[in-house]
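Report on one structure; see the data block that follows.
The values are calculated or read from the model by the stated rules, or taken from the named source; none is laboratory data. Predicted model, so just to flag it, every value in this text is computed and none were measured. Heads up, the Cβs are rebuilt from the backbone with ideal geometry, glycines too, and the neighbour counts pull from every protein chain shown.
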Amino acid sequence: MSLYAPVRDVLFRFDPELVHKLTLTLIGTSGRVPPLASLLKKLFTATPQPVTCFGLTFPNWVGLAAGYDKDGVAWKGLACLGFGHIEIGTVTLKPQPGNPQPRLFRLPECQALINRLGFPGRGAAFVAGQLRHRPSRDVILGVNLGKNKDTPLERAVEDYLALFDIFAPLADYLAINVSSPNTVGLRQLQARQALDDLLGSLNLRRKAAQAELGRRIPILVKVAPDLSDAELGDVLEVIQKQEMDGVIATNTTIQRQGLSPDILQLSSRASESGGLSGLPLFPLSLAMVKKIRQQWGEALPVIGVGGILGAEQALQMLDAGANLIQVYTGLVYKGPGLVKEILTHLTQ
């Protein structure tokens, strides 16, 4: 049994969102205290294994998915856990509370979570303040961007362009979130014409900003695991047409086929609405990565995310063609040693 298991058993007795806030505060505080940061690095950092992707050199394959550190308050501490990159957000232009609580549910029977958080956060100005003073570039920082709940779909492009202007000078890459199931209507932005308008506008803004920035900032698009083959084909064609730099596959799923009948019958939490993450998502995200590779070969970089709880899933995702991987729910169930465990196994 791992050292984290008894700690997890205690943590799981409390409300999941409360525990998340507590752990985020502890990790964030540790990252700002040099002796504690050094101790975390000694315990959890593996030997660097550099990976080059969309023009950036990552210390290793494993990143932290968006959603864990929504406001960028703990990234310095999280970097001490060995991550090669950390994706902050999803960040919205204005602060918003998100959906009513309770909105985060554990399914320990299958190592999963259901969330319907709805992009709660302190807004772009606050997050930008957390990123302006980076003491080093030891970890790659991405920022995941989304529209505010009260922004009409027909004006969503305005939100994303404003967010681009704020974070392009601060982030190493940007991720466009049009695939969360927890903001009403957001997934409609994955439709071909809507996505073409959005990504076309972002590409033009990026080209206009390139000289001032002194670099071309990579833009990735995060897609849903619930797209049909035809829908995925449309999304990928638009991504290529508008010169985006890669795909993050995938977000959480609204499907429940990955849950066994016993869990659906015995767990009231399994019927909660929201996006499902964790081990039951893995087959869907893995299949999506394979489809992207089959359709586009090596032309389009892919970050594989969804249900990676250890080295077994990580290796399968990389073998399927992912250039990088991300974890989130795995950190909840496996603890802070997850990154080092994965990297140690990948190099054996």
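All of (1) surrounded by fewer than 24 Cβ atoms within 10 Å (Cβ to Cβ); (2) closer than 18 Å to C110 by Cβ; (3) in contact (Cβ under 8 Å) with a residue 60 or more places away in the chain hold for G306 with one exception: (1).
Restricting region 297-340 to residues that are among the acidic types (D, E) and at pLDDT 95 or above, the residue that is nearest to A112 (Cα to Cα) is E312.
Considering region 309-326, and only residues there that are under 12 Å from L338 (Cβ atoms) and surrounded by fewer than 20 Cβ atoms within 10 Å (Cβ to Cβ), the residue that is farthest from the chain's Cα centre (by Cα) turns out to be A311. The set of residues in region 125-163 that are buried (at least 19 other Cβ atoms within 10 Å of the Cβ), at pLDDT 95 or above and within 25 Å of L331 (Cβ to Cβ) comprises V127, Q130, I140, L141, G142, V143, N144, L145, G146. Screening P280, P301 for residues that are in contact with a strand residue (DSSP E or B) (Cβ under 6 Å, 6 or more places away or on another chain) and farther than 21 Å from L107 by Cβ leaves exactly one candidate, P301.
Among the conditions (1) without any contact (Cβ under 8 Å) to a residue 40 or more places away in the chain; (2) of a type in the set (K, R); (3) part of a helix (DSSP H, G or I), R215 misses just one, which is (3). For region 175-205, a residue qualifies if it is within 24 Å of D229 (Cβ to Cβ), polar (S, T, N, Q) and buried (at least 16 other Cβ atoms within 10 Å of the Cβ), and the qualifying residues are N177, S179, S180, Q190.
Going through T23, T47 one at a time, which residue ends up being farther than 30 Å from P181 by Cβ and either among the hydroxyl-bearing types (S, T, Y) or at pLDDT below 95 (or both)?
The conditions single out T47.
For region 112-125, the criterion of a residue being part of a helix (DSSP H, G or I) and within 25 Å of G84 (Cα to Cα) is satisfied by at least one position.
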